[in-house]
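The values are calculated or read from the model by the stated rules, or taken from the named source; none is laboratory data. These numbers were taken from a predicted model, which means no experiment stands behind them. For neighbour counting, all protein chains shown are included, and Cβ atoms are generated from backbone atoms with ideal geometry for every residue, glycine included. Heads up: the accessible areas ignore ligands, DNA and RNA and are worked out on the full protein's heavy atoms, side chains in. Shrake-Rupley method; radii C 1.70, N 1.55, O 1.52, S 1.80 Å.
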Amino acid sequence: MDMQTNFLDRLFESGLLIETGVDGLYGRSGQFEDVIAAFERLIDRFGGADGAEAMRFPPGMNRAFFETSGYMKSFPQLAGTVHSFCGDELDHMSLLKCMEVGEDWTKDQEATDIVLTPAACYPLYPTVARRGALPMSGKLFDLQSYCFRHEPSKDPARQQLFRMREYVCMGTERHVTDFRQSWMDRGVEMMKLVGLDVTIDIANDPFFGRAGKMLANNQRDQNLKFELLIPITSVTKPTACMSFNYHQDAFGTKWGLNLEDGSVAHTACVGFGLERIALALFHTHGLDVKHWPEEVRKVLWG
Ligand code: ATP
Ligand code: ZN
Ligand code: MG
């Protein structure tokens, strides 16, 4: 049995994660949630004085905004859409018949105006664009959302529905790259406080297809994405628990985000993978929180 399955089984046995029959779709125990809540308070302690505006969106977003975002160009393999039954009584009868005989009953479902949120920051850009110009001093936002990615896996750190806490910065190039650097430093400091071994490395997004290879190389060459990695299911291939993304003026141009002087805003976002951080803590310190090192418990629960 490989390490991933072994760790997943132990998480099920301990009750921290609850099986649903679908890889990457799990319930969480109260204890698991308590660790996430405690870690989010630690994030607040580090980021709380920066004056970020907090917003919380549900795990679904406006399909029109999703289309504008270009997500289907880059990551069609990961997207999830919400479809519903929109027929009449006759259609309903054939639907039930279809289910009864075990045929595919989903093919007549129709797309709704909602798609599943792929990253916590996606609903933010059109929201901010509607407000008009951004101050020259920039703006900072604090987000958290369940996100969906169609990447079923036995690796407990690769889930299909998971939470991302994000800070998003909009402003001048200098402002947003300083923001990103300061969170790389903070990320390392925070993880050290809770006894986790970290490295930071350059990274790329999983762009689809052959054209995607070029986009990925370009992203790396330009240092646009960094990840903070922690060993969870493998020491040789540690898991990305935070990411630090600089979008240059790409999102500013796409959404019409301008600064007061008329220039296009640059943006950057910093994401915490909350389930991955909790799993890194359980993997490193053991499945029983009572037995975690006293210093770590103190940082998380005071
Ligand atoms: P990976 O390379 O591991 O797929 P990613 O580059 O797709 O990660 P991002 O798109 O930068 O990740 O998402 C921000 C953060 O969300 C990641 O750093 C990670 O902690 C978390 N995350 C991403 N995908 C998943 C997933 N499938 N399950 C749990 N957490 C995830
Ligand atoms: Zn983001
Ligand atoms: Mg990914």
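Assorted remarks:
- Looking at region 149-227, the trypsin sites (Lys or Arg not before Pro) that sit in a DSSP loop and have at most 15 other Cβ atoms within 10 Å of their own Cβ are Lys154.
- Set of lysines near Lys139 by C-alpha distance (under 24 Å), chain-local residues within fewer than 8 positions excluded: Lys225, Lys254
- Largest GNM mean-square fluctuation among Asp34, Asp91, Asp205, using the chain with Cα springs under 10 Å: Asp91.
- Working note: Cα gyration tensor of the chain, eigenvalues times five, square-rooted, sorted largest first, giving semi-axes of 31, 29, 18 Å.
- Under the criterion of Cα pairs below 8 Å and six or more residues apart, the relative contact order for the chain equals 20 percent.
- Highest mean first, the peptides 70-80, 257-267 sorted by other C-beta atoms within 10 Å per residue fall in the order 257-267, 70-80.
- GluC sites (Glu not before Pro) lying in DSSP loop within region 1-37, provided at most 14 other Cβ fall within 10 Å: Glu19
- Accessible carbon and sulfur surface of region 44-130 relative to its total accessible area, %, 1.4 Å: 55
- Karplus-derived 3J(HN,Hα), 6.51/-1.76/1.60, for each residue of region 58-63, Hz, glycine and proline x: x, x, x, 10, 4, 4
- Cα-based shape type of region 19-102, given that a ≥ b ≥ c are square roots of the gyration tensor eigenvalues and the cut on a/c is 1.5: prolate
- On a per residue basis, the chain carries 50 Å² of accessible surface, using protein heavy atoms and a 1.4 Å probe.
- Set of aspartates and glutamates with alpha-carbon distance to Lys154 below 14 Å, sequence-local pairs under 8 removed: Asp2, Asp9, Glu19, Asp23
- Karplus-derived 3J(HN,Hα), 6.51/-1.76/1.60, for each residue of region 70-87, Hz, glycine and proline x: x, 4, 5, 6, 9, 9, x, 6, 9, 6, x, 10, 9, 10, 9, 6, 10, x
- From phi via Karplus (6.51, -1.76, 1.60), per-residue ³J(HN,Hα) for region 146-151 in Hz, x at Gly/Pro: 5, 10, 10, 9, 7, 9
- Pairwise FRET efficiency - Arg10 versus Asp261, Cβ, R0 = 45 Å, nearest 0.05: 0.20
- Size of charge dipole - the chain - debye, nearest 20, with Cβ of Lys, Arg +1 and Asp, Glu -1, no other charges: 740
- Top positive-direction residue, dipole computed over the chain with Cβ charges, set Phe46, Asn217, Gln181: Gln181
- Taking a straight line from the alpha carbon of Lys107, these lysines sit under 17 Å away, with near neighbours fewer than eight places off in the same chain left out: Lys97.
- Most mobile listed residue (Asp185, Asp108, Asp23) in the chain, GNM with C-alpha springs under 10 Å: Asp108
- For Ile114, net neighbour charge (Lys/Arg +1, Asp/Glu -1) across residues whose Cβ lies under 13 Å away: -2
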